[in-house]
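Have a look at the structure below, then the notes.
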Amino acid sequence: MFANVKTAVFAATATLVALPLAAEEVNVYSYRQPELIKPLTDAFTAETGIDVNVAYLNKGMIERLSAEGNRSPADIVLTVDVSRLAEVVNAGFTKPVTSDALEANVPAIYRDPENHWFGLTTRARIIYADKSRVAEGEVTTYEDLADPKWEGRICTRSGLHAYNVALASAMIEHHGVEETQTWLEGIKSNLARKPQGNDRAQVRAIWAGECDIAVGNTYYMGKMLEDEEQKAWADNVNIVFPTFEDGGTHVNISGIAMVKSAPNEANALKLMEFLTSPQAQEIYAEANYEYPIAPGSKAIDLVESWGEYTADGVNLMTVAGHRDEALKLIETVDFDG
Ligand code: FE
């Protein structure tokens, strides 16, 4: 995509066609899909005249930034999961951004204490519970998932998936490494089957009678409801917002950071401020059934209908800091085995 832009500019220059003022642009490396980003970048271009070039990546952002070094065309990275943001920050590819708008739009727990990254939306990691086999109030905390009363009743995706690693990382922040190991062992012994499939596959397993509860992200409820086959799985479960015994509900974010070598720094800042605005957050959140985080912003009615919850108050960069310990524990207890 960048190659095309460059080619066009080069061709125009080479034939001495008078260009309008040098095209204003900003370049984004995104791990999120075009259908989530495009409506927003189009709106930004319409408002500012700045073109947004987005390179959609499935993986390898770190490797790419590393290979490009200071010549990278990237101004902004956009991704989901704080561990990915932390990874880019910790690799030294970002720089801190000071902006009143960003600070006003993004609550402190959803941005880097050093201002290297800023959240845009959240999703909660909740429990899907069979409507008939799980009584109201039967599960209220993450700690409770290790209780023997759930023996043979829990389904989950791999413990090594980023969503579960982040949950275990948060557990370490609340209870320390040892208790988290005991917790993981407890959940493992409660599993109805070996970890497999994605979050939606667990809700399907509940529907099929293989288990009674599963951990999953909130937005999958919306995605299942819009799918002809999966709607039955969704209709069969309640959403429960568990909390940590001494905290709130575990959430993760999508977010953005400015690349250290950003060639279009001023435009990058404008785009970051635009994306964090309450209106942009609401559009972006709606596209994937997520929660906007700007003060005064609201999720769509369907998402709101799943219930209210209080997000855990630990800064997500602190959670991300426990990632390696969490991964080690998940391997130590052979969670997927
Ligand atoms: Fe997901």
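For the chain, a crude dipole built from +1 on the beta carbon of Lys and Arg and -1 on the beta carbon of Asp and Glu, taken about the Cα centre, is about 960 debye to the nearest 20.
What is the percent carbon and sulfur in the accessible area of the chain, measuring with a 1.4 Å probe over the protein chains and ignoring ligands? Could you put the intermediate results ahead of the total?
Working: 7600 of 14970 Å².
Carbon with sulfur: 51 percent of the solvent-accessible area.
At the listed q of 0.14, 0.17, 0.18 Å⁻¹, the Debye profile of the range 280-337, built from one uniform point per Cα, gives log10 I(q)/I(0) equal to -0.63, -0.76, -0.79.
Each of residue 147 and residue 43 was given a label point 7 Å from its Cα along the Cα-to-Cβ line. The distance between the two points is 4.3 nm. Per-residue 3J(HN,Hα) values for the range 192-209, derived from phi via the Karplus relation 6.51 cos²θ - 1.76 cosθ + 1.60 with θ = phi - 60°, read 7, 7, 4, x, 6, x, 9, 4, 5, 5, 6, 5, 4, 5, 5, 4, 7, x Hz in sequence order (x marks Gly and Pro). Cα centroid distance between the range 94-151 and the range 221-297, in Å? For the range 94-151 versus the range 221-297, the Cα centre distance is 11 Å.
Ordered from highest to lowest accessible area with the whole protein assembly present and a 1.4 Å probe, 193, 123, 84 read as 84, 193, 123. Legend: calculated FRET efficiency, residue 23 to residue 104, from the Cβ-Cβ distance at R0 = 25 Å, rounded to 0.05, equals 0.25.
Looking at the range 191-253, the pairs of alpha carbons with a distance over 13 Å make up 63% of the total. Its DSSP H runs of at least 4 residues, each contributing -39,500 (n - 2.57), put the calculated 222 nm mean residue ellipticity of the chain at -12500 deg cm²/dmol, to the nearest 500.
3J(HN,Hα) couplings calculated from phi for the range 72-82 with the Karplus curve 6.51 cos²θ - 1.76 cosθ + 1.60 (θ = phi - 60°) are, in sequence order, 4, x, 5, 9, 9, 10, 10, 8, 10, 5, 5 Hz; Gly and Pro show x. Counting every pair of alpha carbons in the range 128-216, the share spaced more than 17 Å apart comes to 45 percent. In summary, the range 223-337 shows an alpha-carbon radius of gyration equal to 1.36 times the 2.2 N^0.38 Å reference for compact globular proteins. Using heavy atoms of the protein chains and a probe of 1.4 Å, the accessible area assigned to residue 322 is about 30 Å².
Here the calculated FRET efficiency for residue 132 and residue 193, from their Cβ-Cβ distance with R0 = 22 Å, stands at 0.65, rounded to the nearest 0.05.
State which entries of 59/328; 59/223; 38/260; 194/328; 59/188; 223/260 exceed 26 angstrom in Cα-Cα distance in the structure shown. Check vs 26 Å cut-off fails for 59/188; 223/260.
In the complete set of protein chains, residue-level accessible area for residue 291 is approximately 20 Å², probe 1.4 angstrom.
Here the Karplus relation 6.51 cos²θ - 1.76 cosθ + 1.60, evaluated at θ = phi - 60°, turns the backbone of the range 161-172 into coupling constants of 5, 3, 5, 7, 5, 5, 5, 5, 4, 5, 4, 4 Hz, with x for every Gly and Pro. Once the cut-off is 30 Å, how many percent of the Cα-Cα pairs in the chain end up in the long-distance tail? Every Cα pair in the chain considered, those over 30 Å come to 39 percent. The mean sequence separation of alpha-carbon pairs under 8 Å and at least six residues apart, normalised by the residue count of the chain, gives a relative contact order of 28 percent. Looking at the chain, the accessible area is 44 square angstrom per residue; that uses a 1.4 Å probe and ignores ligands, DNA and RNA.
The values are calculated or read from the model by the stated rules, or taken from the named source; none is laboratory data. Because the structure is a prediction, the values reported are computed rather than measured. Neighbour counts run over all protein chains shown; Cβ positions are idealised from the backbone, glycine included. We work out accessible area using only protein heavy atoms, side chains counted, and drop any ligands, DNA or RNA first. Shrake-Rupley method; radii C 1.70, N 1.55, O 1.52, S 1.80 Å.
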